[in-house]
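Take a look at the structure below.
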Amino acid sequence: MIHIPPSRSYIHHTTEAYLRRHPEERKGLAPLLDALSHPEDPTSRKTYHGHITCGAIVIDRYDQVLHIHHKILGKDLVPGGHIEPDDAALPSAALRELQEEAGIPHSTVVPLAGYEGIPLDIDVHDIAANPDKGEPAHQHYDFRFAFRLLGERKIHLQAEEVTDYRWLPVANVTAPTIAAKLADARLRCETGRRDRS
């Protein structure tokens, strides 16, 4: 079976849909837009000027957000990682990483209302060189998709990469851009409910 990574046009379309909501971020996402104009595969972890990663922002019924403690980075982050050959779409990569790192199956989450197929946040950040893996310094273009947890908070950590987890209130989310956009999403949802009534 031949596996085809998410296409450049699909990624560009997803990025532009995000930028229609956040036009002020176009300058900050210039490295991503530039990468999409080059022939190298933007989803390959071997594209060393930078490549796309995907994360899953999981919100439980108490409006708390799942964070895992990443062993190598030594930080509390939302689950996420590199795109694999079997990932047909960007949200699929985020959901696969969620299951791998936290043991939460995709059947127990749904996209946050209004964010079906559109990331809540896209972040460009620097990754230090890793001589042990032969990786030079590069950038990650991190597409972060938001999901609501439908059931109980049952976590099964991937011991190789993850050492702990915790659920944090939106105000305490470790990534300020995620916290701000979750607050904005809540306001958008409440405004939509008022407009329909």
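With open to solvent by 50 Å² or more (accessible area, probe 1.4 Å), modelled with pLDDT of 90 or more, in contact with a Pro (Cβ under 8 Å, 6 or more places away or on another chain) and basic (K, R) as the only criterion, which of R166, R148, R144 stands out? Write out each step before concluding.
Details: R166 fails: in contact with a Pro (Cβ under 8 Å, 6 or more places away or on another chain); R144 fails: open to solvent by 50 Å² or more (accessible area, probe 1.4 Å).
Just one listed residue meets the conditions, R148.
The listed residues are P31, P85, and the only one of them that is touching a residue at least 24 places away in the same chain (Cβ under 8 Å) and under 22 Å from K133 (Cα atoms) turns out to be P85. All conditions but one from (1) farther than 21 Å from P23 by Cβ; (2) in a helix (DSSP H, G or I); (3) touching a residue at least 60 places away in the same chain (Cβ under 8 Å); (4) not β-branched (V, I, T) apply to H140; the one that does not is (2).
Would you mind finding the one in I52, I57 that is at pLDDT 90 or above, touching a strand residue (DSSP E or B) at 6+ places or on another chain (Cβ under 6 Å) and within 14 Å of V173 (Cα to Cα)? Break it down into steps so the answer makes sense when it comes.
Values: I52 fails: within 14 Å of V173 (Cα to Cα).
The match here is I57.
Could you tell me which of the residues A171, A93 is out of contact with any helix residue (DSSP H, G or I) (no Cβ under 6 Å at 6 or more places or on another chain), open to solvent by 20 Å² or more (accessible area, probe 1.4 Å) and hydrophobic (A, V, I, L, M, F, W, C)? Don't jump to the end; show me each part of the working.
Numbers: A93 fails: open to solvent by 20 Å² or more (accessible area, probe 1.4 Å).
When all the criteria are applied, what remains is A171.
Taking the criterion of being within 19 Å of the chain's Cα centre (by Cα) and assigned to a helix (DSSP H, G or I), the residues of segment 28-39 that qualify are A30, P31, L32, L33, A35. So, T47, is that one more than 21 Å from G117 (Cα to Cα) and in a loop (DSSP other than H, G, I, E, B) or not? Considered against the rule, which asks whether it is more than 21 Å from G117 (Cα to Cα) and in a loop (DSSP other than H, G, I, E, B), T47 comes out as yes.
Residue count for segment 8-27, restricted to those that are open to solvent by 50 Å² or more (accessible area, probe 1.4 Å) and in a loop (DSSP other than H, G, I, E, B): 2.
Considering segment 54-64, and only residues there that are assigned to a strand (DSSP E or B) and surrounded by fewer than 24 Cβ atoms within 10 Å (Cβ to Cβ), the residue that is farthest from the chain's Cα centre (by Cα) turns out to be Q64. When H125, H106, H156 are checked against the criterion of being in contact with a Leu (Cβ under 8 Å, 6 or more places away or on another chain) and open to solvent by 40 Å² or more (accessible area, probe 1.4 Å), a single residue qualifies: H106.
The values are calculated or read from the model by the stated rules, or taken from the named source; none is laboratory data. Keep in mind the model is a prediction, meaning the values are calculated, not measured. Note that each Cβ is placed from the backbone with ideal geometry, even for glycine, and that neighbours are counted across all protein chains shown. Ligands, DNA and RNA are excluded from the accessible area calculation, which covers all protein heavy atoms including side chains. Shrake-Rupley method; radii C 1.70, N 1.55, O 1.52, S 1.80 Å.
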